[in-house]
Amino acid sequence: MTAGGPDRPTRSGIPLGRIARVPITLAWSWFIIAAAIVLLFGPQVAAILPGIGSGAYAVALGYAVLLLLSVLVHELAHALSARAYGWPTTGIVLTLWGGHTQFGSVNTTPWRSLAVALAGPAANFLLAGLAWVLVFAAPDLFAPGTVAGLLSAIFIWANLLVGIFNILPGMPLDGGRIVETIVWKATGSQEKGTIAAGWAGRVVVVALLAAVFAPSLRRGESPGLQLVLVAALVSGFLWMGAGAAIQNARLRQRLPSVTAAALMRPALGIPSGAPVRQAQDLLRARPGTALVVTAPTGQPEAVVDPAALAQVPDHLAPGTAVNAVARALAPGAYVPDAACGEELVQYLSRLAGGEYAVIDRDGAVVGLLHEADVVRAVTGRAPH
């Protein structure tokens, strides 16, 4: 790992540096799972290794660190396989739930998406295999009943379980890409594949809960509190992740129909300094049309307020500048009428205010776009 510069702890976590130029961040939430592992497994280590005393908690902490290393290798496999396909990788964050790799915006294919997803579990299976070979090659060093033997066994089983768990066929697990790829190839739509994988993820949650609790219920026993808490946390995380995948895919399905031309309200431009009388005449001729005040350069700079316009007395209308009854637009708050999809949404998200003038290819004002209309079109519901 190489240093990533003078990075300091932030609200998101502790920068650990870079591996293969990929920034690594340890989220503060990781310390929660580390503390839980120490408290839960410390007494078990003490029972397995009598006489170790308080050192049992240090061994349990070692398990937490080995698990962190396993997750890091898992995420690095995602990042490096993505880089092989030219995907921009912005960083890896190690969290309470393991970790995630952040990618930039990419256009990909079903098989590449699947390969990047399955690279993570494959790395865990490889780690488990290498650790098993090491234990087999040095049995005295990793003998049962020793700290090294216990940690190596935990490391092998942890990587096997992480690998198996992650290939379960449902979002947000890596194995969800299997379902996504099948449906994507069959329908030609990645969004339909993601929605199917999200629902498969919910099926996986129900199946996991049944597998966990069915044995106890068949015996007529109540599940232990520890088992209930772990099952609730894991199933809750998976269920929310599956729901988020479905929601994001539906959002992406709606994006192509989000165009400035389709969502705008008709508007006309009126020069800065024009009299209020001119604005009133325009609205009488074109009722329901918005008026956008334009600078001498033609750039939209304000929107006429119809209520304020109506308050101007008739005898003052010829000598009052329309600017006096207009509200300013944010700097740069105008878009071409051909703007659409993700590009339009990302551009508007960087602008202040909630109104944007729409211009045609000649630079003339043709419409007024409201943020609320864009949000409604993208999400399918009104903004809060």
> Residues of the range 349-376 being over 16 Å from Gly298 (Cβ atoms), among the aliphatic types (A, V, I, L, M) and surrounded by fewer than 20 Cβ atoms within 10 Å (Cβ to Cβ), which ones?
Replying inline: Leu351, Ala352, Ala372, Val375
>> Regarding the range 271-278, can at least one residue be identified that is at pLDDT 90 or above, among the basic types (Lys, Arg), out of contact with any Asp or Glu (no Cβ under 8 Å at 6 or more places or on another chain) and in a helix (DSSP H, G or I)?
In response: yes
>> Scan the range 18-32 and tell me whether some residue there is surrounded by fewer than 18 Cβ atoms within 10 Å (Cβ to Cβ), of a type in the set (Lys, Arg) and in a helix (DSSP H, G or I).
In response: no
>> Conditions first: (1) under 30 Å from the mean Cα position of the chain (by Cα); (2) among the polar types (S, T, N, Q); (3) not in a helix (DSSP H, G or I). Ser222 passes all but one, so which condition is the exception?
In response: (1)
>> So in the range 84-130, with the set limited to residues that are free of Cβ contacts under 8 Å to residues at least 12 places away in the same chain and not in a loop (DSSP other than H, G, I, E, B), which one is nearest to Leu168 (Cα to Cα)?
In response: Leu126
> Using beta carbons and a limit of 7 Å, which pairs, at least six apart or on different chains, have the first residue in the range 239-250 and more than 15 Å from Glu180 (Cα to Cα) and assigned by TED's automatic domain parsing to the domain that holds Arg202 and the second one among the β-branched types (Val, Ile, Thr) and part of a helix (DSSP H, G or I)?
Replying inline: Trp239/Val205
>> Among the numbered criteria (1) under 28 Å from the mean Cα position of the chain (by Cα); (2) at pLDDT 90 or above, which one does Ala307 miss?
In response: (1)
> Which residue out of Tyr356, Tyr347 is in the same structural domain as Pro275 (by TED's automatic domain parsing) and in a strand (DSSP E or B)?
Replying inline: Tyr356
>> Looking only at residues that are touching a residue at least 60 places away in the same chain (Cβ under 8 Å) and over 20 Å from the mean Cα position of the chain (by Cα) in the range 335-355, which one is nearest to Arg254 (Cα to Cα)?
In response: Cys340
>> Looking for something out of contact with any Ser or Thr (no Cβ under 6 Å at 6 or more places or on another chain), surrounded by 15 or more Cβ atoms within 10 Å (Cβ to Cβ) and among the small types (Gly, Ala, Ser) - is there at least one such residue anywhere in the range 308-320?
In response: yes
> Does the range 66-92 hold any residues that are under 25 Å from Ser152 (Cα atoms) and under 26 Å from the mean Cα position of the chain (by Cα), and which are they?
Replying inline: Leu67, Leu68, Leu69, Ser70, Val71, Leu72, Val73, His74, Glu75, Leu76, Ala77, His78
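The values are calculated or read from the model by the stated rules, or taken from the named source; none is laboratory data. Given the structure is predicted, the values throughout are model-derived calculations rather than measurements. Positions of Cβ are backbone-derived with ideal geometry, glycine not excepted, and every protein chain shown enters the neighbour counts.
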